[in-house]
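Student: Dropping the structure in here first, questions after.
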Amino acid sequence: MTISGVVLRTIVSLLLILAPLATVAAPYAAMVIDARTGEVLHSRNADTRLHPASLTKMMTLYVAFDAIERGEISLDTTVTISRKAAAEPPSRLGLKAGQKIKLRYLIRAAAVKSANDAATAIGEAISGSEAAFARRMNRTAQALGMDRTTFRNAHGLTETGHLSTARDMTALGRHLFYDFPDYYNLFSRRQTSAGSRVVNNTNRRLLASYRGADGIKTGYTRAAGYNLVASAERGSERVIATVFGGRSSTWRNAQIAELLDMGFDRAPTRVAVVKPQKPVLTGEAVAVASVARASGLIARSPRPAVRPLGEPDETVLVAMTDGITDALAEVVAEETGVTASNSAVALEVVAALETVEATPEPAPRAAMAASLAGAFLRPAPRPRPQAEKAVAVAEPVVVTRVSTSGGRHWAINVGRYNTRDEAERVLLKTALVDISMLDEALRKVVKSPQGWEANFVGMTAEHAELACRRLHAQNVNCIPVGPG
């Protein structure tokens, strides 16, 4: 071998030895807490803002779990992969633009393999775009008390201003464990099916080598170094440790093992568990806001938070239905001076008014209502003016409230029923399931050759799709229906 060949091999060997040290420039930070109480057992540079790398996906998954819990989306929702998501650099699941995949597999890929394309797809599925999802991540971070964290994306690849701290990420790890215990087991899986393939856990070495380790998340970029938030349980004790800026994955795992050992040594054997307070992330702050941006509805509602509701009692349904028709009768009386004691008459008058208002030059509302009310209350047939012909056209449709569609032409269908009464009752029950999404919609029962169709109408496409997803999460069948 020539001298130059020896020199070349020596240089290559040195580069291989020094490669793990290429990220030493990333500042080191660490923290250990007793997960049961949140007590800090050790910290170093814990409040220094650093690049979190794929630790970011802890927040991506936290938001996803929250969205599933509140019914915005379900694990079985089919997500269509965008070009942006498909183009994300490794680590990747290998998704293709236009590919369809269930959300559950995207979550597994992001949690276990740390797939960047899956993380972006999750964000787009929940918020419509990664930028909107990042804003939601930041709102959630503030609600969790992560005051020194700012997210710019869903995957954690280096981006200006995308920063966090060891303290904030440790707190997020603790919230994941206590706020979503049903999903936490994802982080301990050595491998899992991600739909198209089986993926291995990026943290499998620590999971295999450290007794009691059951998560949580690794991260690496050149700017960040080797990061890890790890949790372990031994007996009644649980400790969470975080490392930022590791020199290599082996070095990082050794540091985490030392920190966990330190935590178990310092944590008391017996202590009362004080769970972190789960933040109140209301529907106004997330789901309703997204609908408002798409449809022009108000972004903030004065209505109180939705109360948990079971199956309404039959007498309650009857009372509510009576209350609605009585209110309609009062409206007719105020505008026409005609007392419509029969609630069915009130419904017909309102239906007629809606139809007449759609004509090019409708008559004054009060005069037309009076004419129509009088027509319905008179038993003897008589020649009908043009306005009353519109009533005959509208007869197959029963409207249960005044239209507020405002040009929104999408609907959701909640089934076909044998009688009109049955369809109306189902609409009322369904509205009670998610009143925050359906209260602004118009309830319509339409007669078809096969039966009575129960619909919520007067919605935008985005509103209809989101409402249907939330109903599916509550085991209510529905189908979005477009115009035409």
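Computed from the coordinates by the stated procedures, all read-outs in this text should not be read as laboratory data. Bear in mind the structure is a predicted one, so any value in this text is a computation, not a measurement. Cβ sites come from the backbone with ideal geometry, for glycine too, and all protein chains shown count toward neighbours.
Student: Using the Karplus equation 6.51 cos²θ - 1.76 cosθ + 1.60 (θ = phi - 60°), what ³J(HN,Hα) coupling, rounded to whole Hz, does each residue of the stretch 191-199 give in order, writing x for Gly and Pro?
Tutor: 8, 7, 7, 10, x, 7, 7, 8, 10
Student: If you take every residue apart from K275 with its C-beta less than 11 Å away from the C-beta of K275, what net charge results, scoring Lys and Arg +1 and Asp and Glu -1? Intermediate results must be reported in sequence, preceding the final value.
Tutor: Working: positive: R36, R174, K278; negative: D179.
Charge balance in the 11 Å sphere: +2.
Student: By the scheme Lys and Arg +1, Asp and Glu -1, what is the net charge of all other residues having a beta-carbon under 15 Å from that of H472?
Tutor: Values: positive: R70, K102, R104, R469, R470; negative: E69, E72, D76, D434, E465.
Neighbour charge sum, excluding H472 itself: 0.
Student: With θ taken as phi - 60° and the coefficients 6.51, -1.76 and 1.60, list the Karplus ³J(HN,Hα) couplings across the stretch 89-103 in order, rounded to whole Hz; mark glycine and proline as x.
Tutor: Working through the residues one at a time gives x, x, 6, 9, 7, x, 6, 10, 4, x, 5, 10, 8, 6, 4 Hz.
Student: Less than 14 Å Cβ to Cβ from F151, Lys/Arg counted +1 and Asp/Glu -1: what total charge do the surrounding residues give? Walk me through the numbers before you get to the answer.
Tutor: On the way: positive: R49, K57, R135, R136, R139, R148, R152; negative: E130, D147, E159, D168.
Value of the local net charge: +3.
Student: Can you give the extra length, in nm with one decimal, that the chain gains between S209 and Q277 once fully stretched, where that is 0.36 nm per residue apart less the Cα-Cα distance?
Tutor: Values: separation 68, 0.36 × 68 = 24.48 nm, distance 3.22 nm.
So the chain would gain 21.3 nm between S209 and Q277.
Student: Rounded to the nearest 0.05, what FRET efficiency do A461 and N185 give with R0 = 51 Å and r taken as the Cβ-Cβ distance? Could you check?
Tutor: Numbers: r = 36 Å, r/R0 = 0.71.
Once rounded, the FRET efficiency stands at 0.90.
Student: Take V445, V198, V280 and order them by how many other Cβ atoms sit within 10 Å, fewest up front.
Tutor: Numbers: V445 22, V198 12, V280 8.
In order of increasing Cβ crowding within 10 Å: V280, V198, V445.
Student: Then there's this: Given R₀ = 35 Å, FRET efficiency for N475-N138 by Cβ-Cβ distance, to 0.05?
Tutor: Working: r = 32 Å, r/R0 = 0.93.
The computed FRET efficiency comes out at 0.60.
Student: Taking R0 as 60 Å, what FRET efficiency do you get between H409 and E233 from their Cβ-Cβ distance, rounded to the nearest 0.05?
Tutor: On the way: r = 54 Å, r/R0 = 0.91.
For R0 = 60 Å, the calculated efficiency reads 0.65.
Student: Gain in length, D265 to D147, computed as 0.36 nm per residue apart minus the alpha-carbon separation, to one decimal in nm?
Tutor: Working: separation 118, 0.36 × 118 = 42.48 nm, distance 2.96 nm.
The D265-D147 span can extend by a further 39.5 nm.
Student: Whole-Hz Karplus ³J(HN,Hα) for the stretch 421-434, in order, using 6.51 cos²θ - 1.76 cosθ + 1.60 and θ = phi - 60°, x for Gly and Pro?
Tutor: With the stated coefficients, the stretch 421-434 comes to 4, 5, 5, 5, 5, 5, 4, 5, 4, 5, 4, 6, 5, 9 Hz.
Student: At what distance in nm do the modelled label points of E159 and K447 sit from each other, each positioned 7 Å from its Cα along Cα→Cβ?
Tutor: Each label point is offset 7 Å from its Cα along the Cβ direction, giving 5.6 nm.
Student: Among the lysines, which have Cα under 26 Å from the Cα of K113 when same-chain residues fewer than 8 positions away are ignored?
Tutor: Filter leaves K57, K84, K96, K100, K102, K217.
Student: Further, regarding this structure: Could I have the simple spin-label model distance between V198 and L75, label points 7 Å from Cα toward Cβ, reported in nm to one decimal?
Tutor: 2.0
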